[in-house]
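Coordinate-derived values only; no laboratory data. Everything numeric here is computed off the predicted structure, so don't read it as measured data. Cβ sites come from the backbone with ideal geometry, for glycine too, and all protein chains shown count toward neighbours.
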Amino acid sequence: MSVSDATRGAQSHTQSDGSSKKKRKAANHEELSNALTQSLLFSEVIEKASIRLSKAIGEDLNEKHMQLCERVRKDHYTYYNSTS
């Protein structure tokens, strides 16, 4: 085997190692991209759910407040009518 044959074999091995590294790097980038995309989708779902929950809590509190005010009015009316 000549020196040039040995050099070509080493270059071929180095090129295949470089190619493998590039493939692994590309696969890692694709996995990272997919993970980031999923994270963004999850964050949008969580944000929308949070908004709906806040709205539901606000509506529930508003309803409770209205019921309490109505009860106070009735009790107030009943108290003043019974003392007259």
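A simple count of charges around residue 37, restricted to other residues whose Cβ falls under 12 Å of its Cβ and scoring Lys, Arg +1 and Asp, Glu -1, yields -3. Using the Cβ-Cβ distance between residue 50 and residue 72 with R0 set to 41 Å, the FRET efficiency works out to roughly 0.80.
Phi angles across segment 59-68 convert, under the Karplus curve 6.51 cos²θ - 1.76 cosθ + 1.60 with θ = phi - 60°, into 3J(HN,Hα) values of 5, 5, 5, 4, 4, 4, 5, 5, 5, 5 Hz, Gly and Pro given as x.
Full extension of the segment from residue 80 to residue 30, taken as 0.36 nm per residue of separation minus the current Cα-Cα distance, would add 10.5 nm.
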